[in-house]
Amino acid sequence: MDLDMLNMFIIASGTLAIPILAFVASFLLWPSALIRIYYWYWRRALGMQVRYANYDDYQFCYSYRGRPGCRPSILMLHGFSAHKDMWLSIVKFLPKNLHLVCVDMPGHEGTTRFDLDDYSISGQAKRIHQFVECIKLNRKPFHLVGTSMGGNVAGVYAAQYPEDICSLTLICPAGLPSTTDSKFIKQLRELQESKRIDRIPLIPSTPEEMADMLKLCSYVRFKVPQQILQGLVDVRIPHNEFYRKLFLEIVDEKSRHSLHENMNKIKAPTQVIWGKQDQVLDVSGASVLASAIPDCHVYILENCGHSVVVERPRKTANLILEFLALLHSIDNKKQA
């Protein structure tokens, strides 16, 4: 009897040990796989479903939750070298009955990457318009959200396709001239002078460079284990050549100030959210937008850097919801 119990204990222990050892092995040997599993699990937990849409020979990858209803749908555009799952931290704090769409930007993650495609800000705005038409998101005007590079694209989209959107949220958007150089801009100038432009701070290739990038983008200091840093780098390295090409495209004269060149054409009610301690794109850009766009609501977040979506997800979600509620209230008063 005792021997049987011992055998059962050994079998039970072995059964439990297998998944634990698999997890530890994945963490130590394949941290990038663990990161992918993490996003997959988080999407499922939040009810986000992944789908594909095709425009001729071009494929868009996106995630969504909910269905179009009486309230505007929300389309979210991520920043440089990110992907649709970066919005999950905000999705967590948004009502489940809102129709949300998060798309991989041109060339990113599951969306098609063509070497000869136009990755300028204007070119990306055209691609996003193709996506919107593919899934018929513009049957009713929708609310458009963009951050960093995605904010630049969102602003240009609002100017070029005003009939598609009812309102706009720009989070630390690129595409604006600044009277104050950010830490990132100073680093770029130093790299250009030393002819080391291949060492772009936003394109890490080692865990140490990844840690430096996180410090640059965030005011909040996250303690990230070395293995996770390695996993984050491993996920990005196969795409770094594309990221370099894209970066040079969006800082070129054609795109560098695209939002600034189009901001006077933005007619939709606009919300600007910016981290006061942004070291990538200086917070002074918020006042530039406020002076040019009618009915512009500006919110500066204290103790927050460039990664607003990650650092202050609950606050950002609440600001977006409050902005939409305000616009809904104004519309009701007009109809009355």
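Between 123, 155, 285, the residue with the greatest mean-square fluctuation in the GNM of the chain (Cα pairs under 10 Å linked by springs) is 123.
What fraction of the DSSP beta bridges in the chain is antiparallel, stated in percent and rounded to the nearest 5?
Looking only at bridges with both residues in the chain, the antiparallel portion is about 30 percent.
Here's how it looks for residue 298: its modeled amide H is under 5 Å from those of 272, which are all 5 or more places away or on a different chain. Under a 5 Å amide H cut-off, with hydrogens placed 1.01 Å from N, residue 55 pairs with 60 among residues at least 5 apart or on other chains. Rounded to the nearest 500, the helix-only mean residue ellipticity at 222 nm of the chain stands at -14500 deg cm²/dmol, with each DSSP H run of n ≥ 4 adding -39,500 (n - 2.57). In terms of its C-alpha gyration tensor, region 47-335 has a rounded overall shape, because the principal axis ratio a/c (a ≥ b ≥ c, square roots of the eigenvalues) stays below 1.5. Its relative contact order, with pairs defined as Cα atoms under 8 Å and 6+ residues apart, puts the chain at 18 percent. Keeping the other protein chains in place, figure out the carbon and sulfur percent of the accessible area of the chain, with a 1.4 Å probe. Summing carbon and sulfur atoms, their accessible area is 57 percent of the total for the chain.
The stretch between residue 205 and residue 35, if pulled fully straight at 0.36 nm per residue, gains 59.5 nm over its current Cα-Cα span. Given +1 at the Cβ of Lys and Arg, -1 at the Cβ of Asp and Glu and no other charges, the dipole of the chain around its Cα centre is 940 debye to the nearest 20. Taking all protein chains into account, the per residue accessible area for region 47-335 stands at 45 Å² (1.4 Å probe). Highest mean packing comes first when the peptides 216-228, 303-315 are listed by Cβ atoms within 10 Å, giving 303-315, 216-228. A simple rule links phi to the HN-Hα coupling: the Karplus curve 6.51 cos²θ - 1.76 cosθ + 1.60 with θ = phi - 60°, which for region 249-259 gives 5, 7, 9, 5, 3, 5, 10, 3, 10, 4, 5 Hz, with x for Gly and Pro. When the pairs 92/140; 126/334; 265/334; 126/267; 186/265; 223/254 are compared against a 28 Å limit on Cα-Cα distance, 126/334; 186/265; 223/254 fall above it.
Tell me, what is the percent relative contact order of region 122-194, built from C-alpha pairs under 8 Å that lie six or more residues apart? Normalised by residue count, the contact order of region 122-194 is 30 percent.
Working from label points 7 Å from Cα in the Cα-to-Cβ sense, the residue 221 to residue 114 distance is 4.7 nm. Rounded to the nearest whole Hz, the Karplus-based 3J(HN,Hα) values (6.51 cos²θ - 1.76 cosθ + 1.60, θ = phi - 60°) of region 203-217 follow the sequence 10, x, 10, 9, x, 5, 5, 5, 4, 5, 5, 4, 5, 5, 8, with x at glycine and proline. Taking the chain as a Gaussian network, Cα atoms linked when under 10 Å apart, which of 326, 144, 248 shows the biggest mean-square fluctuation? It is 326. Once the Cβ-Cβ distance between residue 241 and residue 277 is put in as r, and R0 is 30 Å, what FRET efficiency do you end up with, to the nearest 0.05? Efficiency, from the Cβ-Cβ distance: 0.45. Centre-to-centre, using Cα atoms only, region 110-167 and region 268-294 are separated by 20 Å.
The values are calculated or read from the model by the stated rules, or taken from the named source; none is laboratory data. Not measured: the values here are computed from a predicted model. Virtual Cβ from ideal backbone geometry, glycine too; neighbours counted across all protein chains shown. To get the accessible areas, we keep the full protein, side chains included, count just its heavy atoms, and leave off ligands, DNA and RNA. Shrake-Rupley method; radii C 1.70, N 1.55, O 1.52, S 1.80 Å.
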